[in-house]
1. With equal scatterers on the alpha carbons only and no solvent term, can you work out the Debye log10 of I(q)/I(0) for the range 1-99 at 0.10, 0.17 1/Å?
2. Hey, got the Cα dimensions of the range 231-277 along the principal axes, in Å, largest first?
3. Calculated from DSSP H runs of 4 or more alone, at -39500 (n - 2.57) each and per residue, what is the 222 nm mean residue ellipticity of the chain, nearest 500?
4. Nearest 10 degrees, 0 to 90: what angle lies between the long axis of helix 293-308 and the longest principal axis of the chain (Cα atoms)?
5. Enter the accessible area per residue of the chain (Å², integer; probe 1.4 Å; all protein chains in place).
6. Using a ≥ b ≥ c from the Cα gyration tensor of the range 185-297 (square roots of the eigenvalues), is it rounded, prolate or oblate, where a/c under 1.5 gives rounded and otherwise the larger of a/b and b/c decides, a/b for prolate?
7. Under a 5 Å amide H to amide H cut-off, with H placed in plane at 1.01 Å, what residues pair with residue 368 once short-range neighbours are removed?
8. Viscosity 0.890 mPa s, temperature 25 °C: Stokes-Einstein D of the range 260-402 from its Kirkwood Cα radius, in µm² per second?
Amino acid sequence: MTTPLAVGRQIRHLRTAAGLTLEHLGAQVGAAPSQLSLIENGKREPRLGLLQAIAQALGVEVAALLSAEPPSRRDELEIALAEAQRGPLYRELGLPEVRTSRRLPLEVLEALVGLHGELARRASEASATPEEARRANTRLRNEMRAVDNHLPDVERAAAEVLEPVGYRGGPLTHRMVEAIVERLGFTLHHARDLPSSARSVTDLENRRIYLPPASIPGGHGLRSLALQAIAHRVLGHAQPATYLDFLRQRLEITYFAAACLMPERTAVELLSEAKKNRDLAIEDFRDAFGVTHESAAHRFTNLATSHLGIRCHFARVTRGGTLLKGYENDGVAFPQDVTGAIEGQTVCRHWTSRAVFDVDDLVGEFHCYTDTVTGTYWCSAQTGSGADGDFSITIGVPYVESRWFRGRETTNRSVSRCPDPTCCKQPDPRLARRWSDAAWPSAKVHTHIFGALPSGRFPGVDDAEVYAFLDAHAPRTPPPERAPQSAP
Ligand SMILES: [Zn+2]
């Protein structure tokens, strides 16, 4: 796109090259010199007729005046500076506009344009659009899938910090975490007024790590937070240059914390023994290391393929069926959007991740075999609740691998035909006939940036759920027009 200033600079360049003053050119094209000056400075856009007259007077085609190529480096910089100063980023700063006169030294121009470019780059990074965020997430997930969710370098880094503090097995104590932090020259501090947007803050100068108050002793949350904070130093992270870098670093620090809390060597010993006894269970793994079910299940995916030769999948799903986090290298078909993102998609109603919410009196894990379009899987799910509502944590494996797990003898079976829309996404035809004209739901406002809206007749509302709800709650007396005639 050619801006008025770019056109003006072409005209000025060609005019001075032809040895014409503004007065000379003005006389030839029938325009006042002041008007031409405004045009040359990009303050006014010339009409096509005037542009043609100017081109003719300068002996060039109109196209040459509209050329995107600035006549000189100086013109290029002046155009870039004028555009940057006109943009919202610079205006927000409330700083004065620098006039691009010929007296402005070239190196000042270069420096200003360079700074504007960097300002724009940083601004675009800090606010990755939801779509960029989705693409970066997808790319990272594919990278991790390619390495079976296993990062040997991070495993090694974790083993190296554990060795000198005398870790021998079992849960990593808070005291050992403190010792790890101290050996790296840092101290832990609990602060009540931690910024609400930060999980921890590190003071690099005074080598202090600030964490939230230790309100619930014994939880693994604080150990994990301290390990994550120290992980940036241990893994030699620099300030992330892109959103993808940011995500990768976050993945690495979480991985590092998990590799400290469930160290590779002892975890693999325990899991291998359980596999040998055909008694693998996430709940045992969890209890052996004193971590949450989710941490244990996710950590299992780091070690399952690389050390036990078992392909698997992991999912964290809300009661409503939204996939919050997923990993697979066993071919299970997570629902995806057009960018390939799975976060925020709705998983099949017949998957164990959702079926587990319908189980009454669930003690421990729920086991189930599910036939899907990509094969039969054995899954084990556990429910929990957090600040953002109820969720389920599922670990699943292909049918043949179920033989290593406790719960393989389950008689629970389910069939998922998704992505066939008649599986669970479309309303029951009988209910649709009855309710499609009588249902008027009001959608919830979705605030989650990854939240994909279920598409139905009302955006954001699942028709099938609405119809089933109405059907269950409708008064049992038939509608008036179809009321049976009472006997005379
Ligand atoms: Zn389905």
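1. Taking Cα atoms of the range 1-99 as identical point scatterers yields -0.28, -0.73.
2. Its Cα atoms span 47, 18, 10 Å along the three principal axes.
3. -13500 deg cm²/dmol
4. Orientation of helix 293-308: about 90 degrees from the principal axis.
5. Accessible area per residue, the chain: 55 Å².
6. prolate
7. 379
8. Reported coefficient: 159 µm²/s.
The values are calculated or read from the model by the stated rules, or taken from the named source; none is laboratory data. These figures come from a predicted structure and were not determined experimentally. Neighbour counts run over all protein chains shown; Cβ positions are idealised from the backbone, glycine included. Remember, those area values only see protein heavy atoms, side chains included, never the ligands or the DNA or RNA. Shrake-Rupley method; radii C 1.70, N 1.55, O 1.52, S 1.80 Å.
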